[in-house]
Ligand code: DAT
Ligand code: MG
């Protein structure tokens, strides 16, 4: 298989809870390489581009509001199969359903809010990874 890159975000809930190190620890323990790291509060423009596929869904506005509520850690990671591999580390979107052993399963829960605050984002395809890299690391995209 070819080496590939995935765009990972530690979302504002994960950042606020001090889980950036724990997420990056799991990425490195898995054997993936950190290519780039940044801490930033996302702009509305970054978020509307990043989440374009979800526009119009009931959780879309709450999602944008949550994602702009504070800093995130953006990480570009690299390794064979790291796109599917990171999503496997992250676990299911719903932290209640996410399996123990995964980031969302071990560290996430339902907070009774309109949007899943599920600690991390990971690209879902090589196309998404390229598109998202340009959003979060414009000099590398
Ligand atoms: P993932 O982050 O697992 O790729 P996604 O791309 O389908 O999931 O959705 C993006 C984010 O939107 C997700 O991390 C949390 C939120 N979300 C998705 N589906 C939701 C739902 N049914 N209710 C509330 N929030 C949701
Ligand atoms: Mg997604």
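The values are calculated or read from the model by the stated rules, or taken from the named source; none is laboratory data. The structure displayed is predicted, hence computed values, not measured ones. Please note: Cβ atoms are built from the backbone with ideal geometry, for glycine as well, and neighbour counts cover all protein chains shown.
Inside the range 48-62, residues that are closer than 16 Å to residue 133 by Cβ and more than 13 Å from ligand 2 (Cβ to nearest atom) make up a count of 1.
Can you tell which of 99, 90 is modelled with pLDDT of 95 or more and within 14 Å of the chain's Cα centre (by Cα)? Give the steps one after another, and end with the answer.
Values: 99 fails: within 14 Å of the chain's Cα centre (by Cα).
None of the others qualify; the one that does is 90.
Residues that are over 17 Å from residue 8 (Cβ atoms) and within 16 Å of ligand 2 (Cβ to nearest atom) do not occur anywhere in the range 27-42. Taking the numbered list (1) part of a helix (DSSP H, G or I); (2) closer than 19 Å to residue 60 by Cβ in turn, residue 104 passes all entries but (2).
For the condition near ligand 1 (Cβ under 9 Å from one of its atoms), at pLDDT 95 or above, closer than 20 Å to residue 4 by Cα and touching a strand residue (DSSP E or B) at 6+ places or on another chain (Cβ under 9 Å), residue 74 does not qualify.
For residues that are assigned to a helix (DSSP H, G or I) and surrounded by 14 or more Cβ atoms within 10 Å (Cβ to Cβ), scanning just the range 109-129, find the one that is nearest to ligand 2 (Cβ to nearest atom). The selected residue is 128. For the range 84-107, a residue qualifies if it is buried (at least 20 other Cβ atoms within 10 Å of the Cβ), closer than 24 Å to residue 136 by Cα and in contact (Cβ under 8 Å) with a residue 24 or more places away in the chain, and the qualifying residues are 86, 89, 90, 103. Restricting 113, 34 to residues that are in contact (Cβ under 8 Å) with a residue 40 or more places away in the chain and farther than 17 Å from residue 136 by Cα narrows the list to 113.
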